[in-house]
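The values are calculated or read from the model by the stated rules, or taken from the named source; none is laboratory data. Keep in mind that this is a model prediction, so the values were computed, not measured. Virtual Cβ from ideal backbone geometry, glycine too; neighbours counted across all protein chains shown. Note: areas computed on protein heavy atoms with side chains; ligands, DNA, RNA excluded. Shrake-Rupley method; radii C 1.70, N 1.55, O 1.52, S 1.80 Å.
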Amino acid sequence: RANGAGLAALRGYLTSGQAVAFLGAGTSAPLYPLWDGLIGQLVEAAADRLNDDEAHTCRVLAAQSPEEVVEILRQRLGVTGYRETLRDVLKVRTNPDSGRSWTPVQELVCRCRFRGVVTTNYDSGIVDARMRVRTAAAGTGFTTWQDELAMDRWRTGDAFGDAELPVLFAHGLHSQPDSVVLATTEYRRAYAGKLSEVLGALVDAGH
């Protein structure tokens, strides 16, 4: 009853086919951990390349200053080692019972009549679910913040006419470690470009 008005508005937006879904870490759980758990897994994956003091410091900081931990790992592991660690932690995971690489929430989002999806998650679960439940969806209907031409199409709205339920990985995709946004420097780099314009346009003009 408390959410009645909001639920009625949501039904209206979905019926119109104009609503864009914004997805955060919770939609990928429990296949992938929430923020603190993710940083913790990064530390554990890199533990064999850290000395005992470094590993302990990172574990302590993981819950308090996660971005600082990411910077420490990047500096300690080097570019190649950091990318390998990201690939290992963010690689495709499947539910041991269902064998699916997506969560029930991701599937429900794809079954709703959203116009598109913007996600800050790094896993491909939303794309896998999209391919499963939307038979007209093409395998190329997604992009990351690094693709400037695609970002222009998202800003103008043209992206919604190109593909069935297009997906924007606003903070990068697991298979493209360079695109993954975790630390402060990466946030600055991502939002200094066209991502801010795209999100601003969606918030100002849409629901």
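Per-residue extension of 0.36 nm, minus the Cα-Cα distance of ALA136 and ALA192, leaves a gain of 16.7 nm for this segment. Considering all C-alpha pairs of the chain, those separated by over 29 Å amount to 30%. Angle of helix 4-16 to the longest C-alpha principal axis of the chain, folded into 0 to 90 degrees and rounded to 10: 70°. Using a simple spin-label model with pseudo-atoms 7 Å out from Cα toward Cβ, VAL105 and ASP88 lie 2.8 nm apart. Less than 5 angstrom separates the built amide H of VAL20 from those of ARG115, HIS207, all sequence-distant by 5 or more or on a different chain. Using Cβ point charges alone (K and R +1, D and E -1), the dipole size of the chain about the Cα centre works out to roughly 860 debye.
Among ASP88, ASP48, ASP147, the residue with the largest mean-square fluctuation in a Gaussian network model of the chain, with springs joining Cα atoms closer than 10 Å, is ASP48.
Taking θ as phi - 60° and the Karplus parameters 6.51, -1.76 and 1.60, the scalar couplings of region 148-153 work out to 5, 5, 5, 5, 4, 5 Hz in sequence order, x denoting glycine and proline. For the chain, the solvent-accessible area with a 1.4 angstrom probe is 52 square angstrom per residue. For region 25-91, a crude dipole built from +1 on the beta carbon of Lys and Arg and -1 on the beta carbon of Asp and Glu, taken about the Cα centre, is about 280 debye to the nearest 20. Can you give the relative contact order of the chain as a percent, counting alpha carbon pairs under 8 Å and 6+ residues apart? RCO, the chain: 24 percent. Extension gain, ARG59 to ALA205: 0.36 nm times the residue separation minus the Cα-Cα distance gives 48.4 nm. Placing pseudo-labels 7 Å out from each Cα toward the beta carbon at ALA29 and LEU7 gives an inter-label distance of 2.3 nm.
Other residues with beta-carbon under 14 Å from the beta-carbon of ASP152 carry, at +1 per Lys or Arg and -1 per Asp or Glu, a net charge of -2. Out of the total accessible area of region 1-112 (probe 1.4 Å, heavy atoms of protein only), what percent is carbon and sulfur? In region 1-112, the share of accessible area belonging to carbon and sulfur is 54 percent.
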